[in-house]
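Everything below concerns the one structure shown next.
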Amino acid sequence: MDLDDRTRVADVMSAPLETIGADVPLREVARRMRDQDISALVVTTGGGCIVTQSDVVGAVADERDLAATTVRDVMTEDVETVTPDLMMQEVAAMMTMYGVKHLPVVDDDYVGMVSSTDIAEHLS
């Protein structure tokens, strides 16, 4: 990433933010991700949680019943967040440090999501 690049999260984040309830079955999560071409959703029940494609794939690999397994059963908790004014270099470093591909964007409330795909598109 160009060290002179002054691009901020707000310039590349996905918005509006896509959310989902904790009691939604994973089958519905998978359909929604496919239909809306998204790879992560912020969980509205419980602070700082997301459900990602990786969470869904893990459930499939574990042969869980996707109709009976809910978001709450597989969601990633205590997710790090970023602010809209943060520089993209800092976001890339955070993703590398925490080993994540998605960071919710918070400005008093959740306002968007920034992903490794957003970073790759920004660089191209």
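The values are calculated or read from the model by the stated rules, or taken from the named source; none is laboratory data. This structure is a prediction, so every number in the text was calculated from the model and none was measured. Every residue, glycine as well, gets a Cβ built from its backbone with ideal geometry; the counts of neighbours run over all protein chains shown. Accessible surface is based on the protein model in full, side chains and every heavy atom, while ligands, DNA and RNA are left aside. Shrake-Rupley method; radii C 1.70, N 1.55, O 1.52, S 1.80 Å.
Check whether at least one residue in segment 42-62 is modelled with pLDDT of 90 or more, open to solvent by 60 Å² or more (accessible area, probe 1.4 Å), of a type in the set (D, E, K, R) and farther than 18 Å from His122 by Cβ, and report yes or no. Checked against the condition, which is being modelled with pLDDT of 90 or more, open to solvent by 60 Å² or more (accessible area, probe 1.4 Å), of a type in the set (D, E, K, R) and farther than 18 Å from His122 by Cβ, segment 42-62 yields at least one hit.
In segment 63-81, which residues are crowded, with 16+ Cβ neighbours inside 10 Å and of a type in the set (D, E, K, R)? If the condition is that a residue be crowded, with 16+ Cβ neighbours inside 10 Å and of a type in the set (D, E, K, R), then Arg72 is the only one that fits.
List the pairs whose first member sits in segment 24-35 and is closer than 11 Å to Val57 by Cα and open to solvent by less than 50 Å² (accessible area, probe 1.4 Å), whose second member is among the polar types (S, T, N, Q) and in a helix (DSSP H, G or I), and whose Cβ atoms are under 9 Å apart, counting only residues at least 6 apart or on separate chains? Between residues of segment 24-35 that are closer than 11 Å to Val57 by Cα and open to solvent by less than 50 Å² (accessible area, probe 1.4 Å) and residues that are among the polar types (S, T, N, Q) and in a helix (DSSP H, G or I), the close pairs are Ala30/Gln53.
Of all residues in segment 95-104, one or more are crowded, with 20+ Cβ neighbours inside 10 Å and of a type in the set (A, V, I, L, M). Going through (1) under 11 Å from the mean Cα position of the chain (by Cα); (2) open to solvent by less than 20 Å² (accessible area, probe 1.4 Å) one by one, Met88 falls short only on (1). How many residues does segment 105-124 contain that are farther than 15 Å from Thr19 by Cα and either modelled with pLDDT of 95 or more or surrounded by fewer than 12 Cβ atoms within 10 Å (Cβ to Cβ) (or both)? Qualifying residue count for the region: 4. Take the conditions (1) closer than 19 Å to Glu18 by Cβ; (2) touching a residue at least 60 places away in the same chain (Cβ under 8 Å); Thr44 misses just one of them, which is (2).
Selection within segment 7-23: residues that are within 25 Å of Glu121 (Cβ to Cβ) and over 13 Å from the mean Cα position of the chain (by Cα). The member of this set that is most open to solvent (accessible area, probe 1.4 Å) is Asp11.
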